[in-house]
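A.B. asks: What follows is a single structure, and I will ask about it in a moment.
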Amino acid sequence: IREAYQNGLVTPGLANWFSQVFNALNGCNSSVTTTSTLDFPPIAAQGQQTLTIPLSGARAGASVQVYANDTAGVFYTGSVLSDNVVTVYAKNFSAGIVNPASSTFRIILLQN
């Protein structure tokens, strides 16, 4: 997927979606979902910023799918490093600083 993105064959959002779905296909017994408005600070070229969302029922190690509006040069991913907290990453793969607009994110956790 990353190679397809780098060759301009898919959008950043689609590449992120495929990556998240692939990671989620390891099997799950339950899901938890929420929406949250996040406003990431400016992200340096080739850097990342993180924000956390409290989410009751989230368990460490869950597969996280993050859905948001496309931001040129930025991929959004997530993880659950500790119970009941989702960390959302905004990763800037561009050559310049990006300041993503405040946006509503849908977070879906697939858990074993």
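The values are calculated or read from the model by the stated rules, or taken from the named source; none is laboratory data. Quick caveat, the model's predicted, so the values are computed rather than measured. All Cβ positions, even for glycine, are placed from backbone atoms using ideal geometry, and neighbour counts span all protein chains on display.
A.B. asks: Across segment 54-67, what is the number of residues that are surrounded by fewer than 18 Cβ atoms within 10 Å (Cβ to Cβ) and part of a loop (DSSP other than H, G, I, E, B)?
C.D. replies: Count: 5.
A.B. asks: Of all residues in segment 18-28 being more than 15 Å from the chain's Cα centre (by Cα) and not small (Gly, Ala, Ser), which is modelled with the highest pLDDT?
C.D. replies: Looking at residues that are more than 15 Å from the chain's Cα centre (by Cα) and not small (Gly, Ala, Ser), I get 28.
Rundown of residues vs (1) hydrophobic (A, V, I, L, M, F, W, C); (2) more than 14 Å from the chain's Cα centre (by Cα); (3) surrounded by 13 or more Cβ atoms within 10 Å (Cβ to Cβ), yes/no style:
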site: 30; (1), (2), (3): no, yes, no
site: 34; (1), (2), (3): no, no, yes
site: 37; (1), (2), (3): no, no, no
site: 52; (1), (2), (3): no, no, yes
site: 69; (1), (2), (3): no, no, no
site: 73; (1), (2), (3): no, no, yes
site: 90; (1), (2), (3): yes, no, yes
site: 98; (1), (2), (3): yes, yes, yes
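A.B. asks: Name every residue in segment 29-44 that is over 18 Å from residue 101 (Cβ atoms) and either small (Gly, Ala, Ser) or assigned to a strand (DSSP E or B) (or both), in order of residue number.
C.D. replies: If the condition is that a residue be over 18 Å from residue 101 (Cβ atoms) and either small (Gly, Ala, Ser) or assigned to a strand (DSSP E or B) (or both), then 30, 31, 32, 33, 34 are the ones that fit.
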